[in-house]
Amino acid sequence: MPPEKIKGYRHLPAFLLLALAHGPGHGAAVHARMQALLPLRGVDSGAVYRTLGSLEADGQIVGEWDTAGPGPARKTYRLTPAGWDRLDFWREDIAYRVRLLDIFLETARTVQAGRPKE
């Protein structure tokens with residue numbers, strides 16, 4: 001089954017933190033890195049920038065304006081110690097959910113294998 005558009009963006013903060021764990025970057029670069037790391041489609045840039053703003057407000061990332069290059073200034077983001085801690089939380093949370101989903105899939109396979117034929 002091909003990956004679908006992200007619905008609800010529940011894990012977008014985790015995905016952005018993971019992208020920033022690979023190194024600092026401005027919003028578009030972080031968005032591109034996230035999509036290169038994960039088979040995601042349909043994540044709009046507005047949601048990425050809103051989430052980056054929330055992560056910054058929560059102290060999980062810090063942004064600094066880069067005015068040295070040509071063109072408009074770009075805000076470059078990097079993880080803070082709180083961001084690394086939150087990435088650890090997401091890794092544990094997602095691993096737990098994967099274990100639950102694996103149990104569900106195996107149980108559903110077993111139950112469906114014994115399904116009466118009509």
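The values are calculated or read from the model by the stated rules, or taken from the named source; none is laboratory data. The shown structure was predicted, so the numbers you read here are calculated from the model rather than taken from an experiment. Neighbour counts run over all protein chains shown; Cβ positions are idealised from the backbone, glycine included.
Scan (1) in contact with a strand residue (DSSP E or B) (Cβ under 7 Å, 6 or more places away or on another chain); (2) in contact (Cβ under 8 Å) with a residue 24 or more places away in the chain for the single condition F15 breaks and write down its number.
Just one mismatch for F15, condition (1).
List every residue pair whose Cβ atoms sit under 8 Å apart, with the two residues 6 or more apart in sequence or on different chains, where the first one lies in segment 20-31 and is surrounded by 18 or more Cβ atoms within 10 Å (Cβ to Cβ) and the second, anywhere, is among the hydroxyl-bearing types (S, T, Y) and assigned to a helix (DSSP H, G or I).
G27/S45; G27/Y49; H31/S45
Would you pick out the residues in segment 64-102 that are in contact with a Phe, Trp or Tyr (Cβ under 7 Å, 6 or more places away or on another chain) and at pLDDT 95 or above?
Scanning segment 64-102 gives a single hit, K75.
Looking at T76, T107, can you tell me which residue is of a type in the set (S, T, Y) and loosely packed, with under 12 Cβ neighbours inside 10 Å?
Just a single option satisfies the conditions, and that option is T107.
Could you list all residues from segment 79-104 that are surrounded by fewer than 11 Cβ atoms within 10 Å (Cβ to Cβ), within 26 Å of G25 (Cβ to Cβ) and not charged (D, E, K, R)?
Once the filter is applied, which keeps residues that are surrounded by fewer than 11 Cβ atoms within 10 Å (Cβ to Cβ), within 26 Å of G25 (Cβ to Cβ) and not charged (D, E, K, R), segment 79-104 yields P81, A95.
Among all residue pairs at least 6 apart or on different chains, which show Cβ distances below 9 Å where the first residue, located in segment 48-62, is in contact (Cβ under 8 Å) with a residue 24 or more places away in the chain and the second is charged (D, E, K, R)?
Here the result reads L52/K75; L55/R86; D58/R86; Q60/D85; Q60/R86; I61/R78, each pair linking segment 48-62 to a residue that is charged (D, E, K, R).
Just checking, how many residues over segment 8-63 are modelled with pLDDT of 95 or more and assigned to a loop (DSSP other than H, G, I, E, B)?
Within segment 8-63, residues that are modelled with pLDDT of 95 or more and assigned to a loop (DSSP other than H, G, I, E, B) number 6.
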